[in-house]
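In what follows, a structure is listed as structure tokens, so that the remarks can point back to it.
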Amino acid sequence: MENNVPSYSPAKLKKFKTIITEKLENTTNELANLKANLKSQKQKVANTNTDFNENSKHFQEQAKDKRLIRRFQNKARALNAALSRIENGTYGRCTRTNQLIREERLLAMPTAQFEIIKKQ
């Protein structure tokens, strides 16, 4: 890594890695719960003899769970990408400007890849 390229200290990177790893673990657990819930919903619909309204309710629940699963999968993907950036030394730098992203922003959104610049 070049000397003139900004980066966070190893201690701060370790702190960010801990935060990201914790969020990834929570996301993975939530994802597993949603997938198990979706599977049980499918089995419940298959094993019961329900009317149209009841089936519609189950299908709406399944659609909601599928959306949540996609959202958590995307979140897990972003968290894994952030961990990769920590490992390769590019974490915390804006993809566009190559300047450091504010620490407050990274604490609020550890997957951030861009710095938000206020217009004057």
Problem - Matching residues, the range 66-84, being modelled with pLDDT of 95 or more and either in contact with a Leu (Cβ under 8 Å, 6 or more places away or on another chain) or surrounded by 17 or more Cβ atoms within 10 Å (Cβ to Cβ) (or both) - result: Phe72, Gln73, Lys75, Ala76, Ala78, Leu79, Asn80, Ala82, Leu83
Problem - Single residue of the range 20-60 satisfying the filter (charged (D, E, K, R) and closer than 28 Å to Arg77 by Cβ) that is modelled with the lowest pLDDT - result: Lys42
Completion exercise
Residue hits (the range 64-120; among the aromatic types (Phe, Trp, Tyr), over 15 Å from Phe16 (Cβ atoms) and part of a loop (DSSP other than H, G, I, E, B)) are Phe114
Practice task
For residues that are among the charged types (D, E, K, R) and exposed (fewer than 15 other Cβ atoms within 10 Å of the Cβ), scanning just the range 13-31, find the one that is nearest to Gln99 (Cα to Cα).
Solution key: Lys14
Fill in the blank from the handout: Picked from the range 85-110 (must be among the β-branched types (Val, Ile, Thr) and touching a Lys or Arg at 6+ places or on another chain (Cβ under 8 Å)), the residue surrounded by the most Cβ atoms within 10 Å (Cβ to Cβ) is Ile101
Handout entry: Pairs with Cβ under 6 Å, 6+ apart, first in the range 69-89 and within 25 Å of Ala36 (Cβ to Cβ), second part of a helix (DSSP H, G or I) and among the hydroxyl-bearing types (Ser, Thr, Tyr)
Key = Phe72/Thr27; Lys75/Thr27; Ala76/Thr27
Problem - The lone exception for Asn4 - which of (1) under 30 Å from Glu104 (Cβ atoms); (2) of a type in the set (S, T, N, Q); (3) modelled with pLDDT of 90 or more it fails - result: (3)
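The values are calculated or read from the model by the stated rules, or taken from the named source; none is laboratory data. Computed from a predicted structure; not experimentally measured. Cβ coordinates were reconstructed from backbone atoms using ideal geometry, including for glycine residues, and neighbour counts include every protein chain displayed.
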